[in-house]
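Visitor: I'd like to ask you about the structure that follows.
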Amino acid sequence: MLHKEELLDIAINAARESLDYLQNKRSIEFCLVSSEINNELKSEIDFQLDALIKKCLIQTNIFILSEESAGDKSIDDMPDLKWVIDPLDGTVNYVRNIGPCGISLALCFGAKPLFGVIAEFPHGNIYWGGEGIGSFENGRSIHVSSIGLSEEGVACTGKPSRLRIDDAQMISFEKIFSKFSKVRMLGSASISLVKLARGDLELYSENEIMLWDVAAGIAITEGAGGIVKVERGIHPCSLNVLATNGRVSLN
Ligand code: IPD
Ligand code: CA
């Protein structure tokens, strides 16, 4: 079994290779395919990146849970130690050219990310980190912000395909987000978490978000000094996530 540092290097290389592929692919035509989940959109590039990342990780002999081949298996029915990957987090941003997206890889034990690596498109930054490792942007150490007053803070969320917005959701949404001066939806959970980790915003929360969307971002947020609360959602690999800079007051 390889050491954690060696596994991290393999993941960083896989993210870098995938980012190169994505950057060179931009001009080539790709077709859209729809997914089985209501209102979720997939493109050919999701599957091409999936194959590329798996080719890089296969040498580690560690189980790979990828969005593109996950099916509806529960987290509890897989080996504890696993790679959790989202080959392209923010497909709609990519396809419609409306914002950033992330190539997201994490090493997890159960549902707990040990470290994560995210390659950001189109900016080309590579982030990595985790508890006990610290967090880095292209090798430079990053930290969450020191803002403590929510009314001075920025919060970020999203609307996962599996989330049904009912009255209870609206109440919980109101309870958290009305405290903040600004609320944003960036269209990529991994990039939202990276922005929290580098101090650009103070809170990220999404319910019924899938483990592969957030695993790497959670590790990087924790490595940058943030606090992440995670509950299991109602779907096999879904989570309710509340991540902050650890200072902002939610009362
Ligand atoms: C989506 C993005 C989005 C979140 C959705 C995810 P995908 O990922 O992370 O921000 O709100 O829940 O599904 O489908 O582009 O990998
Ligand atoms: Ca995806």
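Visitor: Only residues that are on the phi < 0 side of the Ramachandran plot and either of a type in the set (Gly, Ala, Ser) or within 9 Å of ligand 2 (Cβ to nearest atom) (or both): list them for region 70-84, please.
Guide: In the first step, residues of region 70-84 are kept if they are on the phi < 0 side of the Ramachandran plot; the result is 70, 72-84.
Ala70, Ser74 - these are the residues of region 70-84 that are on the phi < 0 side of the Ramachandran plot and either of a type in the set (Gly, Ala, Ser) or within 9 Å of ligand 2 (Cβ to nearest atom) (or both).
Visitor: Tell me, yes or no, whether region 45-57 has at least one residue that is over 22 Å from Phe121 (Cα atoms), more than 10 Å from ligand 2 (Cβ to nearest atom) and modelled with pLDDT of 95 or more. Before you say what the answer is, go through the steps one by one.
Guide: First pass over region 45-57, keeping only residues over 22 Å from Phe121 (Cα atoms): none.
Looking through region 45-57, none of the residues is over 22 Å from Phe121 (Cα atoms), more than 10 Å from ligand 2 (Cβ to nearest atom) and modelled with pLDDT of 95 or more.
Residue by residue, here is whether (1) more than 16 Å from ligand 2 (Cβ to nearest atom); (2) under 23 Å from Trp83 (Cβ atoms) holds:
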| position | (1), (2) |
| --- | --- |
| Leu107 | yes, yes |
| Val117 | no, yes |
| Tyr127 | yes, yes |
| Val144 | yes, no |
| Gly148 | yes, no |
| Asp166 | yes, no |
| Ser172 | yes, no |
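Visitor: Please work out which one of (1) at pLDDT 95 or above; (2) in a helix (DSSP H, G or I); (3) within 16 Å of ligand 2 (Cβ to nearest atom); (4) of a type outside the set (Ser, Thr, Tyr) is the condition Leu8 fails and give its number.
Guide: All conditions pass for Leu8, except number (3).
Visitor: Could you check region 53-88 and list, in sequence order, the residues that are charged (D, E, K, R) and under 21 Å from Gly233 (Cα atoms)? Reasoning before the result, please.
Guide: Pass one, region 53-88, residues charged (D, E, K, R): 54-55, 67-68, 72-73, 76-77, 80, 82, 86.
Correct list: Glu67, Glu68, Asp72, Lys73, Asp76, Asp77, Asp80, Lys82, Asp86.
Visitor: Give the number of residues within region 84-117 that are in a strand (DSSP E or B), within 16 Å of ligand 1 (Cβ to nearest atom) and free of Cβ contacts under 8 Å to residues at least 40 places away in the same chain.
Guide: 0
The values are calculated or read from the model by the stated rules, or taken from the named source; none is laboratory data. Keep in mind that what you see is a predicted model, and the values were worked out from it rather than measured. So basically every Cβ, Gly included, is an ideal-geometry build from the backbone, and we count neighbours across all protein chains shown.
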